[in-house]
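Presented below is the structure to which this report refers.
The values are calculated or read from the model by the stated rules, or taken from the named source; none is laboratory data. Values in this document were obtained by computation on a predicted structure and should not be read as measured data. Here the Cβ positions follow ideal geometry from the backbone for every residue, glycine too, while neighbour counts run over all protein chains shown.
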Amino acid sequence: MTDKELYKLRFPTGEFTTPEIYTQEILDQWISEIVNFPENMNDLISGLNKVQLQLTYRPGGWNIQQVLHHCADSHMNSIIRFKLTLTEVNPIIKPYEESKWAILADGNTSNLKDSLAIIKGVHGRWGVLLNNLSNSDLHRSFIHPETGNQVTIKENIGIYAWHCRHHLGHIKLALKGSF
């Protein structure tokens with residue numbers, strides 16, 4: 001498999017790119033993707049059996065159940081980052097070792113109910129939060145300690161809308177058996 005083919009499997013929707021100008025239309029689209037993620041995820045995985053949950057989207061990639069559990073972990077962390085950013089001045093967020101979390105027992109179970117419930121609950125609360133941000137809220141930022149970069153709320157909305165598309169794309173690839 002070529003590097004280009006592996007890249008396409010790793011990033012089925014491309015990498016996130018920051019727009020030059022943030023419009024209300026772009027922000028509304030991103031918020032909609034975040035709000036609709038639980039339903040889109042459920043549509044993809046409902047009815048899958050234990051064998052299908054073990055399918056991966058690329059060599060060495062996570063299987064479908066790990067992707068789902070990762071989304072629950074990641075999105076819990078994300079809403080906390082949003083809330084820290086909205087309540088503190090330029091906080092330094094806490095990163096986590098997502099690859100290590102993915103191999104813990106709760107990231108490898110074929111029981112998806114708890115992670116689906118987390119995703120539904122987090123995205124419900126997240127939607128309320130995102131739909132009530134002021135213009136000044138959108139400019140608030142946090143510092144990511146791994147890069148030292150300041151990330152604004154509006155940029156992070158885009159990053160997580162992309163994250164939703166990205167992992168839905170992984171599951172679609174796994175179900176197609178694309179590699």
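Kindly indicate whether P59 is more than 30 Å from H139 (Cα to Cα) and either of a type in the set (D, E, K, R) or assigned to a loop (DSSP other than H, G, I, E, B) (or both). Yes. Being among the β-branched types (V, I, T) and within 13 Å of S78 (Cβ to Cβ), is that true of even one residue in the range 161-173? Within the range 161-173, none of the residues are among the β-branched types (V, I, T) and within 13 Å of S78 (Cβ to Cβ). Between V128, V67, V89, V151, the distinction of being under 23 Å from Y7 (Cβ atoms) and either in contact (Cβ under 8 Å) with a residue 24 or more places away in the chain or of a type in the set (V, I, T) (or both) belongs to V67 only. The single condition from (1) surrounded by 14 or more Cβ atoms within 10 Å (Cβ to Cβ); (2) closer than 30 Å to S136 by Cβ; (3) of a type in the set (D, E, K, R) that E15 fails is (1).
Across the range 65-96, the number of residues qualifying as in contact with a strand residue (DSSP E or B) (Cβ under 8 Å, 6 or more places away or on another chain) and part of a helix (DSSP H, G or I) comes to 3. Return yes when L55 is closer than 29 Å to K176 by Cα, out of contact with any strand residue (DSSP E or B) (no Cβ under 9 Å at 6 or more places or on another chain) and either among the β-branched types (V, I, T) or surrounded by fewer than 20 Cβ atoms within 10 Å (Cβ to Cβ) (or both) and no when it is not. Here the answer is no, as L55 does not meet what is asked.
Selection over the range 97-121 of residues that are assigned to a helix (DSSP H, G or I), hydroxyl-bearing (S, T, Y) and in contact (Cβ under 8 Å) with a residue 24 or more places away in the chain gives a count of 1.
Just for the range 18-45: of the residues that are among the polar types (S, T, N, Q) and at pLDDT 95 or above, which one is nearest to N108 (Cα to Cα)? The residue in question is N42.
Among the residues of the range 103-132, those that are surrounded by 16 or more Cβ atoms within 10 Å (Cβ to Cβ) and small (G, A, S) comprise G107, S115, G127.
Taking the range 18-49 as the range and being surrounded by 15 or more Cβ atoms within 10 Å (Cβ to Cβ) and of a type in the set (A, V, I, L, M, F, W, C) as the test, the residues that pass are I26, L27, W30, I31, I34, V35, F37, M41, L44, I45, L48. For the range 152-172, give me each residue that is β-branched (V, I, T) and surrounded by 18 or more Cβ atoms within 10 Å (Cβ to Cβ). Passing the criteria: I153, I157, I171.
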